[in-house]
């Protein structure tokens, strides 16, 4: 039973679909151009979510797939999304397989809906992860780290254009049996042996005392 619990825990601790990502891929932010002071960008867990933090003192507008305002982080930290942006609906599914309402278009007047006041917004963005099926054609050797594509996400900071740049990498096929599980197996096996020796020694001592 202890062995099974250890394996389950190890498997859960191994790299997995972090933030909806695929463990065969690694997405990363490489630069912000230009880079306003107080603006941060990251890909949590190297997955398929992009996170923007705003401490610039200005409003940051995140653009959607058609250049429309998708979300914004106000100077006071209030985070709002445009419910008329097609991206608001497309981002709800990992592959964008959703029906976008007819009234949600890039030309529609924004309707802002407040989400929180943390000064940071994290969302699933199709521009930063692999949208195809199977192994990308750029990968000739599945065991090697390979650049799949460079990506960019446009912003407006205080009304001025800013671009978050990044790269999507193929990192290889994930092991069917995680290394963490192997370590857990070895640990449990050694622990079992140690416990077994301790029980045998205790029994021998008990037998001598009774004799």
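The values are calculated or read from the model by the stated rules, or taken from the named source; none is laboratory data. Only a predicted model underlies this, so the values are computations on that prediction, with no experimental measurement involved. Note: ideal-geometry Cβ built from the backbone for every residue, glycine included; neighbour counts use all protein chains shown.
Points worth noting:
- Residue in segment 98-115 that is at pLDDT below 95, closer than 24 Å to residue 150 by Cβ and assigned to a loop (DSSP other than H, G, I, E, B) present: no
- Residue within segment 137-148 that is modelled with pLDDT of 95 or more, more than 13 Å from residue 171 (Cβ to Cβ), assigned to a strand (DSSP E or B) and under 21 Å from the mean Cα position of the chain (by Cα) present: no
- Cross-chain or 6+ apart pairs with Cβ under 7 Å, segment 31-45 first and free of Cβ contacts under 8 Å to residues at least 60 places away in the same chain, then surrounded by 13 or more Cβ atoms within 10 Å (Cβ to Cβ) and part of a loop (DSSP other than H, G, I, E, B): 37/56; 38/55; 38/56; 45/21
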